[in-house]
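Nothing in this text is a laboratory measurement; each read-out follows from the coordinates by a stated rule. These figures come from a predicted structure and were not determined experimentally. Here the Cβ is made from the backbone with ideal geometry for all residues, glycine too, and neighbour counts use every protein chain on show.
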Amino acid sequence: MGTDAPHPVSRWLPIVVALLLAALPAVLTPYTSDLVVKIMVLAIFALSLELLVGMTGLVSLGHAAFFGLGAYVTVLASPENDPANLLVLMLTCMGVAAAYAVFMGALSLRTKGVYFIMVTLAFAQMAYFVFHDTKLGGGTDGIYLNVRPVLGPLDGGDKLHFYYLALAALVVTYGLLALVARSRFGHALAGIRVNEQRMRAAGFPTYFYKLAAFVLAGALAGLAGFLLAVKDGYVNPELLSWHESGAVLLMIILGGIGHLRGAVIGAAAFVLLKELYATPGFVGSFLADHWQLTLGFTIIAFVALLPKGLIGLVGLFTKRGSEK
């Protein structure tokens with residue numbers, strides 16, 4: 001993803017982290033386990049946006065539309081009393097999110113720059129108000145998932161089962177995007193990010209390449225929404241709001257745009273910082289009540305001091321290690 005050749009240590013880092021995450025449930029408390037699962041779900045969401053922003057150069061402020069759609073479809077497509085088939089439900093959520101991405105991308109990708117940002121925001125707000133102002137999804141109160149989906153022995157309502165489901169989804173998402181980045185399709189997206197006009201002159205149908213990336217990103221965001229709905233058992237319209245789109249954009253900026261690892265690191269840092277700043281025992285009751293302000297100043301400081309994001313720290317440490 002980056003311009004520099006990957007360090008041997010950093011090349012194996014994702015595999016090591018995945019193995020550590022697989023072993024963590026043995027030592028985690030229920031609270032910390034839930035926190036790790038939240039990080040993994042949001043990391044998938046951040047990776048889906050990284051495909052657009054970091055790999056294709058498309059800055060979207062409407063990405064939460066796919067996230068929220070995936071979450072709502074999870075509840076709306078689930079029977080009230082019987083568990084749904086987990087695999088069928090997951091694919092349905094991803095399919096609905098991808099379908100909306102086709103509609104949204106087909107129109108928004110005809111614009112560029114700030115116009116593209118505003119059009120994606122408008123489409124996301126449309127979806128937001130459909131669920132916010134109608135009884136389709138319970139209005140402002142949201143709706144509950146009565147029965148978690150199952151797949152054979154895999155029970156979405158079992159905390160340990162769901163932990164490994166979220167981990168498997170994160171590993172597959174990361175691996176898929178790593179393969180995309182190394183494929184001809186990924187190289188074409190990188191060329192579009194650098195100079196779209198030159199790619200068109202070389203004979204590449206850049207509109208359809210961008211649309212394909214947009215749809216894939218939407219489907220992966222729908223996967224994250226599905227996991228969040230199963231995890232919490234509750235969804236509300238705020239999942240589709242521009243605040244959520246802004247939050248996931250902050251995650252990839254915080255971690256470092258242009259790196260898959262940066263999206264995961266950014267999601268983890270965002271969740272942990274939010275958790276710390278909202279804890280009165282850590283920052284005091286006044287700052288805990290205004291954690292958004294503290295988090296905002298922290299992110300500004302990170303961006304100012306680490307223009308490459310937190311991934312820059314990893315590169316700095318590996319570089320120093322290789323010099324010793």
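Residue 22 label point, 7 Å along Cα→Cβ, cut-off 20 Å on backbone N: hits in the stretch 151-186?
Output list for this probe position: 153-155, 159-179.
Would you please give the FRET efficiency between residue 202 and residue 91, computed as 1/(1 + (r/R0)^6) with r the Cβ-Cβ distance and R0 = 41 Å, to the nearest 0.05? Could the numbers behind the result be given before it?
On the way: r = 35 Å, r/R0 = 0.86.
Plugging the Cβ-Cβ distance into 1/(1 + (r/R0)^6) gives 0.70.
So what J values fall out for the stretch 255-269 if you push phi through Karplus, 6.51 cos²θ - 1.76 cosθ + 1.60 with θ = phi - 60°, rounded to Hz, Gly and Pro as x?
Using θ = phi - 60°, the values come out as x, x, 5, x, 9, 5, 4, x, 5, 5, 4, x, 5, 5, 5 Hz.
With a 10 Å radius around each residue's Cβ, average the other Cβ atoms per peptide and rank 216-225, 13-22, highest first. Walk me through the intermediate numbers first.
Working: 216-225: 28.3, 13-22: 13.4.
Ranking the peptides 216-225, 13-22 by packing returns 216-225, 13-22.
Show me, for the stretch 50-55, the HN-Hα J-couplings you get by feeding each phi into the Karplus relation (A = 6.51, B = -1.76, C = 1.60, θ = phi - 60°), rounded to Hz, glycine and proline as x.
Once θ is set to phi - 60°, the couplings for the stretch 50-55 become 4, 4, 7, 6, x, 8 Hz.
How far apart, in nm, are two points set 7 Å out from the Cα along the Cα-to-Cβ line at residue 194 and at residue 115?
Taking the simple label geometry, residue 194 and residue 115 are separated by 2.7 nm.
Beyond 30 Å between alpha-carbons counts as too far, so tell me which of 135/231; 135/210; 231/274; 159/274; 274/308 fall in that bin.
Violating the 30 Å limit, Cα to Cα: 135/210.
Applying 1/(1 + (r/R0)^6) with R0 = 51 Å to the Cβ-Cβ distance of residue 306 and residue 81, what FRET efficiency is obtained, to the nearest 0.05? Before the final figure, lay out each step's value.
Numbers: r = 51 Å, r/R0 = 0.99.
E between residue 306 and residue 81, to the nearest 0.05, is 0.50.
Taking the Cβ of residue 209 as the center, what net charge do the other residues with Cβ under 11 Å away carry, scoring Lys and Arg +1 and Asp and Glu -1? Write down the numbers at each step before the final one.
Details: positive: 184, 193, 200, 210; negative: 196.
Local charge sum for residue 209: +3.
Roughly how big is the chain's charge dipole about its Cα centre, with Cβ charges of +1 (Lys, Arg) and -1 (Asp, Glu), in debye to the nearest 20? Before the final figure, lay out each step's value.
On the way: 20 positive and 16 negative charges, 282 e Å.
That gives a dipole near 1360 debye.
Could you list which residues have their amide H under 5 Å from that of residue 234, counting only those 5 or more apart in sequence or on another chain, with H placed in the peptide plane?
HN-HN under 5 Å from residue 234: 145.
Using 0.36 nm per residue, how much length does the chain from residue 103 to residue 172 gain when fully extended, once their Cα-Cα distance is taken away?
Working: separation 69, 0.36 × 69 = 24.84 nm, distance 2.58 nm.
Separation in residues times 0.36 nm, less the Cα-Cα distance, equals 22.3 nm.
What ³J(HN,Hα) values, in whole Hz, does the Karplus curve 6.51 cos²θ - 1.76 cosθ + 1.60 give for the stretch 304-309 when θ = phi - 60°, with x put for Gly and Pro?
6, 8, 10, x, 8, x
Please report how far the C-alpha centroid of the stretch 220-290 lies from that of the stretch 101-144, rounded to the nearest whole angstrom.
Answer, in whole Å: 20.
Determine, from the Cβ-Cβ distance of residue 185 and residue 285 and an R0 of 51 Å, the FRET efficiency 1/(1 + (r/R0)^6), rounded to the nearest 0.05.
Details: r = 51 Å, r/R0 = 1.00.
Efficiency computed from Cβ-Cβ geometry: 0.50.
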